[in-house]
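> Dumping the structure here so I can ask a few things about it.
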Amino acid sequence: MYDEQQATEQHGPLAGFTVGVTAARRADELGALLQRRGAAVLHAPALRIVPLSDDSELLAATKDLIDVAPDVVVATTAIGFRGWVEAAEGWGLGEVLLDRLREVELLARGPKVKGSIRAAGLTEDWSPSSESMAEVLDRLLEEGVEGRRVAIQLHGEPLPGFVEALRAAGAEVVGVPVYRWMPPEDLAPMDRLLDAAVSRGLDALTFTSAPAAASLLSRAEDRSLLPELLAALNHDVLPACVGPVTALPLQARGVDTVSPERFRLGPLVQLLCQELPGRARSLPIAGHRVEIRGHAVLVDGLLRPVPPAGMSLLRALSRRPGWVVSRAELLRALPGAGRDEHAVETAMARLRTALGAPKLIQTVVKRGYRLALDPAADAKYADV
């Protein structure tokens with residue numbers, strides 16, 4: 001008898017699903033979390049971090065803040081704050097910068113940033129419990145920023161709405177560009193990830209930074225794949241973002257995303273563990289419980305990997321469970337099959353073998369194939 005909980009414990013909640021990872025930093029950690037829960041992972045960094053230790057822009061901003069003290073400094077990322085201090089030390093300005101930062105109101109976006117601040121011998125004045133830049137903004141606006149000088153350590157791209165809101169409230173805002181995001185030097189992995197998303201070879205695509213999302217969208221546009229990518233993300237490939245700021249480039253393109261309540265990798269993976277199985281099609285077929293996942297099928301809780309052609313056929317059949325689907329229609333569902341309906345018969349034979357239960361799919365002579373939906377379920381799916 002099929003036991004869903006036992007199957008989940010045996011294979012992992014993400015078994016049979018393929019998840020794309022766009023992260024540059026902490027990609028190994030995210031990939032390991034996904035794989036431990038059964039997922040197949042396709043990783044392609046959508047960006048690379050370029051330190052600006054030799055950048056004239058960062059040097060100019062640092063000298064400006066040393067010469068004219070800000071009232072408030074907002075540190076947004078741990079790696080960025082460390083990079084800023086290290087760059088200043090390289091220019092012989094490290095102690096002067098730290099002395100200046102001891103004099104100002106120092107705000108840290110989250111615990112990791114607090115750790116970097118304290119490692120530098122400084123103490124933050126405040127940090128939001130939500131790790132949200134929106135909460136930082138609310139605090140600054142409540143305090144009042146008119147006539148105040150606010151320095152913000154940027155993290156690769158302008159913070160949407162943050163700088164604008166402060167300037168509208170009368171603040172002088174100084175950006176500190178500690179590092180910036182650039183496209184990866186090798187675009188081939190990102191292109192493979194895009195191709196997998198567009199062809200529905202992914203079940204979910206994860207984003208841990210807004211620049212990564214923007215970079216992937218930009219690459220899709222360069223390859224004339226943006227409409228196909230947006231269609232995939234809106235219908236078949238779940239876009240999962242670590243937080244609402246990360247989701248902004250996608251939402252600006254009309255893509256609905258999901259994010260965990262806590263903006264961390266662990267909760268992001270847990271969210272996928274809930275969302276992806278919930279999206280899987282589960283049907284009672286020929287006395288078996290069949291759950292159709294991305295690249296595999298659970299048959300009575302037993303994981304059955306299925307070749308891509310077989311999954312294409314199975315999805316076509318499951319869209320109208322119990323109804324006969326013609327060979328011509330199934331041929332159209334096969335990627336690159338051409339016009340020979342013999343390709344359907346070959347792929348169907350392999351599908352039946354992979355499922356380990358040949359009677360799940362019935363051959364209807366001279367008409368096509370159908371899923372052998374249990375009689376009790378016929379009424380439920382009659383109008384599907």
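> Out of the residues in the stretch 24-39 that are open to solvent by 40 Å² or more (accessible area, probe 1.4 Å) and touching a residue at least 40 places away in the same chain (Cβ under 8 Å), state the one that is farthest from Ser209 (Cα to Cα).
Arg37
> Considering only residues that are basic (Lys, Arg) and out of contact with any helix residue (DSSP H, G or I) (no Cβ under 6 Å at 6 or more places or on another chain), look in the stretch 351-384 and name the one that is modelled with the highest pLDDT.
By that ranking, first place goes to Arg370.
> Condition first: more than 24 Å from the chain's Cα centre (by Cα), surrounded by fewer than 17 Cβ atoms within 10 Å (Cβ to Cβ) and not in a loop (DSSP other than H, G, I, E, B). Now tell me which residues in the stretch 123-142 satisfy that.
Once the filter is applied, which keeps residues that are more than 24 Å from the chain's Cα centre (by Cα), surrounded by fewer than 17 Cβ atoms within 10 Å (Cβ to Cβ) and not in a loop (DSSP other than H, G, I, E, B), the stretch 123-142 yields Trp126, Asp138, Arg139, Leu141, Glu142.
> With the condition kept exactly as written, say whether any residue in the stretch 217-236 is at pLDDT 95 or above, within 26 Å of Glu185 (Cβ to Cβ), open to solvent by less than 30 Å² (accessible area, probe 1.4 Å) and in contact with a strand residue (DSSP E or B) (Cβ under 8 Å, 6 or more places away or on another chain).
Checked the stretch 217-236: at least one residue is at pLDDT 95 or above, within 26 Å of Glu185 (Cβ to Cβ), open to solvent by less than 30 Å² (accessible area, probe 1.4 Å) and in contact with a strand residue (DSSP E or B) (Cβ under 8 Å, 6 or more places away or on another chain).
Yes/no per residue for (1) in contact with an Asp or Glu (Cβ under 7 Å, 6 or more places away or on another chain); (2) surrounded by fewer than 20 Cβ atoms within 10 Å (Cβ to Cβ):
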| site | (1), (2) |
| --- | --- |
| Arg289 | yes, yes |
| Val306 | no, no |
| Leu313 | no, no |
| Arg320 | no, yes |
| Ser326 | no, yes |
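> Does any residue in the stretch 211-225 that is among the hydroxyl-bearing types (Ser, Thr, Tyr) come within less than 6 Å, Cβ to Cβ, of a residue that is open to solvent by 30 Å² or more (accessible area, probe 1.4 Å) and assigned to a loop (DSSP other than H, G, I, E, B) six or more places away or on a different chain, and which pairs are these?
Cβ pairs passing all conditions: Ser215/Pro183.
Here's the yes/no breakdown for (1) small (Gly, Ala, Ser); (2) open to solvent by less than 20 Å² (accessible area, probe 1.4 Å):
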site: Ser259; (1), (2): yes, no
site: Gly266; (1), (2): yes, no
site: Glu275; (1), (2): no, no
site: Ile285; (1), (2): no, yes
site: Ala296; (1), (2): yes, yes
site: Met348; (1), (2): no, yes
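> From the residues in the stretch 145-156 that are at pLDDT below 90 and in a loop (DSSP other than H, G, I, E, B), which one is surrounded by the fewest Cβ atoms within 10 Å (Cβ to Cβ)?
So, considering only residues that are at pLDDT below 90 and in a loop (DSSP other than H, G, I, E, B), the one surrounded by the fewest Cβ atoms within 10 Å (Cβ to Cβ) is Gly156.
> Hey, does the stretch 89-110 have a residue that's touching a residue at least 24 places away in the same chain (Cβ under 8 Å) and touching a His at 6+ places or on another chain (Cβ under 6 Å)?
No, that holds for no residue.
> If you don't mind, there's one more thing I want to ask. Suppose the filter is aliphatic (A, V, I, L, M) and modelled with pLDDT of 90 or more; does Leu159 pass it?
When the stated conditions are applied, Leu159 does not pass them.
> Looking at Ser312, Ser326, Ser318 in this structure, which one is in contact with a Gly (Cβ under 6 Å, 6 or more places away or on another chain), of a type in the set (S, T, N, Q) and in contact (Cβ under 8 Å) with a residue 12 or more places away in the chain?
Result of the check over Ser312, Ser326, Ser318: Ser326.
Okay, residues lined up against (1) touching a helix residue (DSSP H, G or I) at 6+ places or on another chain (Cβ under 7 Å); (2) within 26 Å of Ala24 (Cα to Cα); (3) open to solvent by less than 70 Å² (accessible area, probe 1.4 Å); (4) outside any loop (DSSP other than H, G, I, E, B):
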{"position": "Asp64", "(1), (2), (3), (4)": "no, no, yes, yes"}
{"position": "Val73", "(1), (2), (3), (4)": "yes, no, yes, yes"}
{"position": "Val85", "(1), (2), (3), (4)": "yes, yes, yes, yes"}
{"position": "Arg100", "(1), (2), (3), (4)": "yes, no, yes, yes"}
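> Leu317: assigned to a helix (DSSP H, G or I), touching a strand residue (DSSP E or B) at 6+ places or on another chain (Cβ under 7 Å) and farther than 17 Å from His235 by Cα, yes or no?
Answer is yes for this residue.
> Return yes when Phe207 is touching a strand residue (DSSP E or B) at 6+ places or on another chain (Cβ under 6 Å), aromatic (Phe, Trp, Tyr), closer than 29 Å to Leu272 by Cβ and touching a residue at least 12 places away in the same chain (Cβ under 8 Å) and no when it is not.
Judged against the criteria, Phe207 is a match.
> Where the second residue is open to solvent by less than 50 Å² (accessible area, probe 1.4 Å) and part of a helix (DSSP H, G or I) and the first is over 19 Å from Lys366 (Cα atoms) and polar (S, T, N, Q) and lies in the stretch 332-352, which pairs have Cβ atoms under 7 Å and are six or more apart or on separate chains?
Partner pairs satisfying both residue conditions: none exist.
The values are calculated or read from the model by the stated rules, or taken from the named source; none is laboratory data. Quick caveat, the model's predicted, so the values are computed rather than measured. Heads up, the Cβs are rebuilt from the backbone with ideal geometry, glycines too, and the neighbour counts pull from every protein chain shown. Side chains are part of the model used for accessible areas, which takes the heavy atoms of the whole protein and leaves out ligands, DNA and RNA. Shrake-Rupley method; radii C 1.70, N 1.55, O 1.52, S 1.80 Å.
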